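The structure appears below as structure tokens.
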Amino acid sequence: METSYGIAVMALLFILILIAFKWRRKIIQDTIKEFSEKPYSYTLVIHGEDENAVADKVIVNAGPSLSSFTKEDFNPQSFTVTVRDGDKSAVRKATNAYPCDIDGNKTECNSEEDNATKEEQSLTHFALELESNTGSSLEHPFVKSGKESSKNDSAETQCKNKENYEYSISHQKLPQPVTLCNDWWWQS
């Protein structure tokens with residue numbers, strides 16, 4: 001009797017351990033999926049510190065649609081970049097546009113001669129450098145909170161709400177405007 005009871009307990013423990021490992025694996029896969037870069041999304045590149053920081057570059061993951069772009073399509077005037085902060089919005093002028101790697105480093109555009117390498121390493125990202133107008137609050141992703149941390153400090157600087165502060169990047173060869181933000185990135 002005691003042996004059969006021990007076997008039943010061991011079997012139950014084995015099943016629980018198996019379920020725990022499968023559950024752990026699913027949690028890891030869901031986390032990777034949630035935080036991995038998604039097609040048709042952008043990363044906002046910021047230079048500077050505190051409320052003087054400026055979002056002056058956008059790295060766009062255009063997914064497979066970038067394969068249809070030619071060198072002529074990277075004309076900065078062919079891109080429309082709109083920034084929205086709550087109920088305010090404005091169009092930001094792109095001053096430079098180029099294909100790039102995931103970190104925003106300039107790469108060569110797809111060409112007909114490179115069909116073999118094109119299949120091996122297809123471009124999926126492009127970068128837009130944006131004109132900076134220091135008078136516009138829309139290009140600054142930080143604001144003063146108004147709270148003073150001590151008598152000697154000025155108000156604390158805090159990030160704008162990423163759900164209210166968003167960009168929309170459009171081009172005639174993109175299937176839809178890119179509006180999903182992957183991350184904010186400080187370039188040194």
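The stretch between R24 and L180 holds 53.3 nm of extra length on full extension. This uses 0.36 nm per residue minus the Cα-Cα distance. Around the amide H of Y165, modelled in the peptide plane, lie the amide H atoms of G86, all under 5 Å away and 5 or more residues distant in sequence or on another chain.
For the set K57/K93; K38/K71; K38/K88, the pairs lying more than 22 angstrom apart at their alpha carbons are K38/K71; K38/K88.
If you take the beta carbon distance between E131 and S36 as r and set R0 to 41 Å, what does 1/(1 + (r/R0)^6) give as a FRET efficiency, to the nearest 0.05? The pair E131/S36 has a calculated efficiency of 0.85.
The packing ranking of peptides 74-85, 2-13, highest mean first, is 74-85, 2-13, where packing means the average number of other beta carbon atoms within 10 angstrom of each residue. E129 sits among other residues whose Cβ lies under 9 Å from its own Cβ, and their net charge, with Lys and Arg +1 and Asp and Glu -1, is -1.
If R0 is 22 Å, the Cβ-Cβ spacing of S168 and T70 corresponds to a FRET efficiency of close to 0.40.
For the listed peptides 90-102, 29-41, a ranking on the average number of other beta carbons within 10 Å per residue, highest first, reads 90-102, 29-41.
If we count every other residue with Cβ under 14 angstrom of T80's Cβ, Lys/Arg +1 and Asp/Glu -1, where does the sum land?
Numbers: positive: R84, R92, K93, K173; negative: D73, E131.
Taking every other residue near T80 into account, the sum is +2.
Read the figures in this text as sums done on the coordinates, not as results from a lab. The shown structure was predicted, so the numbers you read here are calculated from the model rather than taken from an experiment. A quick note on method: Cβ atoms are made from the backbone with ideal geometry, for glycine too, and the neighbour counts reach across all protein chains shown.
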